[in-house]
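Heads up: the structure comes next, in structure tokens.
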Amino acid sequence: MLRSGSSTPRALASAVRRASTASSSSLPAVVFIDGVRIPFQPSGTAYNDLMAYDLQRLALKGLIKKTSLEPSVVDYVMCGTVLQEVKTANIAREASIAAGFRDTTPSHTVTQACISANQAICTGASLIKAGQFDVVVAGGVETFSDVPIRYQRPLRKALIAAPKVKSGLPGYLKLLKGLKLKDLAPEAPAIANFATGEVMGHNADRLADRFGISRADQDAFALRSHHGAAKAHAAGLYADEIVPVAGNALEGGIRGESTLEKLSTLKPAFVKPYGTVTAANSSYLTDGASACLIMSEEKAKALGYRPKSYLRDYLFVSQDPFEELLLGPAYGVYKLLKKTGLTLKDIDVIEFHEAFAAQVLANLAALDSDKFAKEKLGGMDKVGPMPMDKFNVHGGSLSIGHPFGATGTRLVTTASNRLIREGGRFALVAACADGGIGHAALIERYP
């Protein structure tokens, strides 16, 4: 049954045909069986002594248990991550074997900044559509409690050359000649864009200024996220998504007790002293991992699974990494809706990645801007105002946390569960990523 305000039956049916590759060709329909995550935790807390490998292993084992998955039926495993540990560079391979998958099951790791898990899922879906595989496990992981820290380049060059020294102490002293004291300092990874040298928080501040997003608006949105996540946990709405670790299923970064008064006391974190982006209206450094199971619909039926949703359509976009580093969701949503013929009225569930409150609100402003549509999208009509009663109603990355490589699976899992719980038909997922990249996907509840 159509909801009030939805498109006409004929228009919606036509849109569905365009949205579903499976309905218009012989390509297999891709279904989402289920997804899990271990509780996302602030870095330096619950997972302080674990490697990213351990976190991904726990998520994969949790998926096997939750779905009663026989590892032998899995054709491929893909996991996303950003800050790679050299010892486990192909973390998908190491973690999947440790979790119980066969050593004859191929696997690889993808990295696309904050949409790494999104890419893992979509790559898996594309391979299923292409007939390469029937069953794919996808997910992602990140830890900021154990980041790779290197020596400075001059010292690294000396250390690499050291094994080739044949003249003993004089040779080693020659290698060290010219080194400065600053060269001995460790080099921690910077969360900054390589091309621009700018951290994402600076870009969020620029977007806030460009689209007129006030500090009060950002704090209010951040508070909404925390309160929504706290209520969702209290109501058990995330119980179906979270695999407890050491008996704990709570996510430690959620601040349900926060108030606007508290948030308003924080000082700008990036553009000082006049910026509006603070630690409270930004996502925090998070450790976590996720995993999901996707299949061709035919294989799911053969194995006796009842899917939660169809992965109907998806795309990736990119734009100027300086001026529009975090505007990927706006571009992606514009293009996805045009491609499928749907409008926001047809969408029942919306899940956006929340890197910063300023980033989310700027993307929503762009989607409702005639000026932006005309200047940046070749005269396309604007998408319109976002229906906030459908949007991130149970919190998002600002409150739940954002392990870079893992968030995409959380978005798809939450969107699919909400469609079932709320009786909706279509869900829209979107996310931004460093490099000026964005992702958008259309999900349909399985009938």
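Does A433 count as over 19 Å from V141 (Cα atoms), buried (at least 24 other Cβ atoms within 10 Å of the Cβ), under 19 Å from the mean Cα position of the chain (by Cα) and aliphatic (A, V, I, L, M)? Write out each step before concluding.
Working: over 19 Å from V141 (Cα atoms): no; buried (at least 24 other Cβ atoms within 10 Å of the Cβ): yes; under 19 Å from the mean Cα position of the chain (by Cα): yes; aliphatic (A, V, I, L, M): yes.
No, not satisfied.
Which one of Y314, Y274, Y334 is of a type in the set (F, W, Y) and assigned to a helix (DSSP H, G or I)?
Values: Y314 fails: assigned to a helix (DSSP H, G or I); Y274 fails: assigned to a helix (DSSP H, G or I).
Going through Y314, Y274, Y334 in turn, just one is of a type in the set (F, W, Y) and assigned to a helix (DSSP H, G or I): Y334.
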Exercise. Among the residues of the range 90-109 satisfying the criterion of being charged (D, E, K, R) and in a loop (DSSP other than H, G, I, E, B), which is surrounded by the most Cβ atoms within 10 Å (Cβ to Cβ)?
Worked result: R102
Problem set entry | Criterion (of a type in the set (D, E) and over 22 Å from the mean Cα position of the chain (by Cα)) met by exactly one of E187, E142 | E187
Problem set entry | Of all residues making up the range 249-273, the number that are of a type outside the set (D, E, K, R) and over 19 Å from L285 (Cβ atoms) | 8
Exercise. Hey, does the range 405-420 have a residue that's out of contact with any Gly (no Cβ under 8 Å at 6 or more places or on another chain), surrounded by fewer than 23 Cβ atoms within 10 Å (Cβ to Cβ) and more than 20 Å from D34 (Cβ to Cβ)?
Worked result: no
For this session: For the range 337-352, name all the residues that are in a helix (DSSP H, G or I) and either of a type in the set (S, T, Y) or touching a strand residue (DSSP E or B) at 6+ places or on another chain (Cβ under 7 Å) (or both).
Result: K339, T340, D346
Exercise. So, in the range 278-332, of the ones that are farther than 30 Å from L263 by Cβ and among the small types (G, A, S), which residue ends up surrounded by the most Cβ atoms within 10 Å (Cβ to Cβ)?
Worked result: A291
Problem set entry | Qualifying residues in the range 406-447 (those that are of a type in the set (G, A, S) and part of a loop (DSSP other than H, G, I, E, B)) - the one nearest to D287 (Cα to Cα) | A406
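Regarding Q112, is this residue more than 15 Å from C292 (Cβ to Cβ) and surrounded by fewer than 21 Cβ atoms within 10 Å (Cβ to Cβ)? Explain how you work it out, then say what you get.
Numbers: more than 15 Å from C292 (Cβ to Cβ): yes; surrounded by fewer than 21 Cβ atoms within 10 Å (Cβ to Cβ): no.
For Q112, the condition - more than 15 Å from C292 (Cβ to Cβ) and surrounded by fewer than 21 Cβ atoms within 10 Å (Cβ to Cβ) - is not met.
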Problem set entry | Close pairs from the range 349-377: first free of Cβ contacts under 8 Å to residues at least 40 places away in the same chain, partner of a type in the set (F, W, Y) and buried (at least 22 other Cβ atoms within 10 Å of the Cβ), Cβ under 9 Å, at least 6 apart | L364/F352; L367/Y334; A373/Y334
Problem set entry | All positions within the range 197-216 that are surrounded by 14 or more Cβ atoms within 10 Å (Cβ to Cβ) and not in a helix (DSSP H, G or I) | E198, V199, I213
Problem set entry | Single condition E323 does not satisfy, out of (1) within 20 Å of the chain's Cα centre (by Cα); (2) outside any strand (DSSP E or B); (3) not polar (S, T, N, Q) | (1)
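Within the range 222-243, how many residues turn out to be within 28 Å of D54 (Cα to Cα) and part of a helix (DSSP H, G or I)? Let's see the steps before the verdict.
The initial filter retains those residues of the range 222-243 that are within 28 Å of D54 (Cα to Cα), namely 226, 229-230, 232-234, 236-243.
Narrowing the set further to residues that are part of a helix (DSSP H, G or I) leaves 226, 229-230, 232-234.
Final tally of qualifying residues: 6.
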For this session: Within the range 146-197, track down each residue that is over 25 Å from S283 (Cβ atoms) and of a type in the set (D, E).
Result: D183
Exercise. Are any of the residues in the range 386-402 without any contact (Cβ under 8 Å) to a residue 40 or more places away in the chain and in contact with a Ser or Thr (Cβ under 9 Å, 6 or more places away or on another chain)?
Worked result: no
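Condition check ((1) among the small types (G, A, S); (2) modelled with pLDDT of 95 or more; (3) over 26 Å from F221 (Cβ atoms); (4) touching an Asp or Glu at 6+ places or on another chain (Cβ under 7 Å)) across all residues:
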{"site": "A300", "(1), (2), (3), (4)": "yes, yes, yes, no"}
{"site": "L303", "(1), (2), (3), (4)": "no, yes, yes, no"}
{"site": "S318", "(1), (2), (3), (4)": "yes, yes, no, no"}
{"site": "E323", "(1), (2), (3), (4)": "no, no, no, no"}
{"site": "G328", "(1), (2), (3), (4)": "yes, yes, no, no"}
{"site": "Y334", "(1), (2), (3), (4)": "no, yes, no, no"}
{"site": "K338", "(1), (2), (3), (4)": "no, yes, yes, no"}
{"site": "L344", "(1), (2), (3), (4)": "no, yes, no, no"}
For this session: Could you list, in sequence order, all residues of the range 75-89 that are assigned to a loop (DSSP other than H, G, I, E, B) and either touching a Ser or Thr at 6+ places or on another chain (Cβ under 6 Å) or in contact (Cβ under 8 Å) with a residue 60 or more places away in the chain (or both)?
Result: D75, T81, V82, L83, Q84, E85
For this session: Scan the helices (runs of 4 or more DSSP H) fully inside the range 6-74 and keep the ones with 2 or more residues being under 29 Å from F426 (Cβ atoms) and modelled with pLDDT of 95 or more.
Result: 52-67
Exercise. Is it the case that some residue within the range 176-196 is closer than 22 Å to H402 by Cβ, buried (at least 18 other Cβ atoms within 10 Å of the Cβ) and touching a Gly at 6+ places or on another chain (Cβ under 8 Å)?
Worked result: yes
Exercise. Taking interchain pairs and intrachain pairs at least six residues apart, which have beta carbon atoms under 6 angstrom, with the first residue in the range 131-158 and part of a loop (DSSP other than H, G, I, E, B) and the second of a type in the set (F, W, Y)?
Worked result: F133/Y76; S145/Y47
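The values are calculated or read from the model by the stated rules, or taken from the named source; none is laboratory data. Small disclaimer: the values here were computed from a predicted structure and weren't measured. Cβ sites come from the backbone with ideal geometry, for glycine too, and all protein chains shown count toward neighbours.
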